[in-house]
Each structure stands twice: as structure tokens, then as C-alpha cells.
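Down below is the structure, laid out as C-alpha cells.
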Amino acid sequence: MGESFIKINERLAGMLAYVLGPATGLFFYIGETVSGNNNRNVKFHALQSTILFGGLWVLTFLLGIISFLPFMGLLIRLIDLASFVAYVYLIYSAYVGKNFRVPIIGDACHQQVYK
């Protein structure tokens, strides 16, 4: 088990990459890349967090613009609920050392980081 660029356990760093979504994801991804430490597990979690939660934020924002349409509010709430469940599960899986891949996004992140 390695360390991240800020000298903390890679599992804790992977977990922290999800805490503020794209903000902490970018922080850890850029930090690992620039520092030369290049811990692949931390980079995977950071990139997955950035893409997944950044995309969900954008989707929720765009749906909020058209929220006057029937059932759009319900759809937004369902996306929020799914986001929260994913958030909790991804933090847990990073902490226990499992590189859970979100369908489609996780595979692309894995290919980018482990190429």
C-alpha cells in the first residue's frame, strides 16, 4: 500500500477524492500528476469522482432549467438520491481498498490511469 502526494495512506486519499466531488477529484488528480508521485489508485478514484459527480452536477443544473415541465422535479430528486447512494458507496469502497468501477465512466477512467 502506497501513499498519495500529500503523504497520506492511498485508501484515505482515494476516499477524500470523493468528498467534494469534482473539486477534490481534480485536486488529487492534478496533485498526483504534477508531484510525480503518480499513485494510480488515487488517480483512478480522483478521475472517476471528477467525471461522475461533475457530470451529475451539470445534468442536474440543466434539468433544473427545464424544471417547469411535469415530473422534472421528481426526476431531479431521483438523480439526487442515486448520486447520494453512489457517493456513500464510492467513499466506502475506496476506504476498503476496492477500485469499484462505475459502469462506462469507471472503465474509461481505468483505461486512462492504468494505460
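Please treat every number below as a calculation from the coordinates, not as lab data. From a predicted model like this one, the values you see are computed outputs, not experimental measurements. Here Cβ is always computed from backbone atoms with ideal geometry, including for glycine, and neighbour counts include all displayed protein chains.
One table, with the values for the structure above:
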| item | result |
| --- | --- |
| HN-Hα J in Hz across the range 40-52 - Karplus 6.51, -1.76, 1.60, θ = phi - 60°, x for Gly and Pro | 5, 5, 5, 4, 4, 5, 5, 5, 5, 4, 4, 6, 5 |
| Normalised contact order of the range 17-92, rounded percent, pairs of Cα under 8 Å and 6 or more residues apart | 30 percent |
| Rg(Cα)/(2.2 N^0.38 Å) for the chain, N = residue count | 1.14 |
| Once the Cα gyration tensor of the range 55-107 is diagonalised, semi-axes √(5λ) in Å | 28, 11, 8 |
| Cα-based helix-to-principal-axis angle, 22-35 vs the chain, degrees rounded to 10 | 20 degrees |
| Bins of 5 Å from zero: percent of alpha-carbon pairs in the range 1-46 | 6, 30, 40, 20, 4 |
| Dipole magnitude of the chain, debye to nearest 20 (Cβ charges: Lys/Arg +1, Asp/Glu -1, about Cα centre) | 160 debye |
| Centroid-to-centroid separation of the range 7-23 and the range 40-100 [C-alpha atoms, Å] | 16 Å |
| Degrees separating the helix 72-95 axis from the principal Cα axis of the chain, which is the longest one | 20 degrees |
| Theoretical FRET efficiency, 1/(1+(r/R0)^6), r = Cβ-Cβ of Gln112 and Tyr92, R0 30 Å, to 0.05 | 0.80 |
| Between helix 10-19 and the chain: long-axis angle, C-alpha atoms, 0 to 90°, nearest 10 | 20 degrees |
